[in-house]
1. With the Cα gyration tensor of region 112-176 giving a ≥ b ≥ c as the square roots of its eigenvalues, does the rule (a/c under 1.5 for rounded; else a/b larger than b/c for prolate; else oblate) give rounded, prolate or oblate?
2. Hand me the trypsin sites (Lys or Arg not before Pro) from region 88-128 located in a DSSP loop with no more than 14 other Cβ atoms within 10 Å, in residue order please.
3. Which of the trypsin sites (Lys or Arg not before Pro) found in region 13-96 are loop residues per DSSP with 10 or fewer other Cβ atoms within 10 Å of their Cβ?
4. Compute the Cα gyration tensor for region 53-181, then decide on rounded, prolate or oblate, letting a ≥ b ≥ c be the square roots of its eigenvalues: rounded whenever a/c is under 1.5, prolate when a/b is larger than b/c in the other cases, and oblate in all that remain.
5. Compute log10 of I(q)/I(0) for the chain with the Debye formula, placing one identical point scatterer on every Cα and leaving out solvent, at q = 0.10, 0.16, 0.18 Å⁻¹, to two decimals.
6. Build a GNM of the chain with springs between Cα atoms under 10 Å: which of HIS180, HIS168, HIS130 gets the top mean-square fluctuation?
7. What's the center-to-center distance, using Cα atoms, between region 161-218 and region 87-153 in Å?
8. Which of the GluC sites (Glu not before Pro) across region 170-200 are loop residues per DSSP, with 16 or fewer other Cβ within 10 Å?
Amino acid sequence: MRQSDLSASRRYPDTVVGSLAALSPPVRARLGPVRTERLDLRAFRPDDLDVLAEVFSSEAVWRYPFGRGRTLEETADFITRQIEHWDELGFGLWLAVERETERSVGYLGLSVPTFLAEILPAVEVGWRLHPSVWGRGYATEGATAALDHAFATLGLEQVCSLPQAENHASIRVAERLGMHLERKVNIPGTERRGCLEALKFVVSADEWRLRRTGQEAP
């Protein structure tokens, strides 16, 4: 193992080691900022630390998988990783800003699920929002935009979602998006958390196109 890989594995213990580009399907274009009906979505910047730390400090935000909020140092590492993800792959998770209040409320978007080597290369759609905005449909709204761009802009053939089996709220979001359950998966434990049981939901480009045009899959 190269020294650079060893340093990365120590800094980011929830991931497998390797170039992100080797773990992701190829994409045909880069993503930019996106505006939905109620949200502004953009890539992370270093100066997002304070606003994101406020969101991430909530135990409810990270109940799955850690059962606690994230520390300031962990949040800074998260932002660094997301900036690297965008730089290397041209897509990633967006900071989610509620347009009406101009408040940062969490993240939405696409990422490579490096914590589950057995399904790579792959791209996951995900969301993590402050509980003060739960129940407003933001997760579905932002994830819909992410899937639109995953297929139309990035040219992906399939996207997955990997909610923990106990995370019923995220399972409902995946179902509302029209994703279908493929199988259960076991996510290996790390120094920060134990092993996890998750559900792998998937949707293909063709299935998504039919859903968005109001047609039914054959």
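1. oblate
2. Qualifying residues, ordered by number: ARG99.
3. When the trypsin sites (Lys or Arg not before Pro) of region 13-96 are filtered for loop state and at most 10 Cβ neighbours within 10 Å, ARG28 remain.
4. Note, shape of region 53-181 comes out rounded.
5. For the chain, the Cα-only Debye profile gives -0.41, -1.17, -1.57.
6. HIS168
7. 13
8. GLU191
Bear in mind these aren't lab numbers, they're just calculated from the coordinates by the rules spelled out. The model shown is predicted, which means the values in this text are computed figures rather than measured ones. For neighbour counting, all protein chains shown are included, and Cβ atoms are generated from backbone atoms with ideal geometry for every residue, glycine included.
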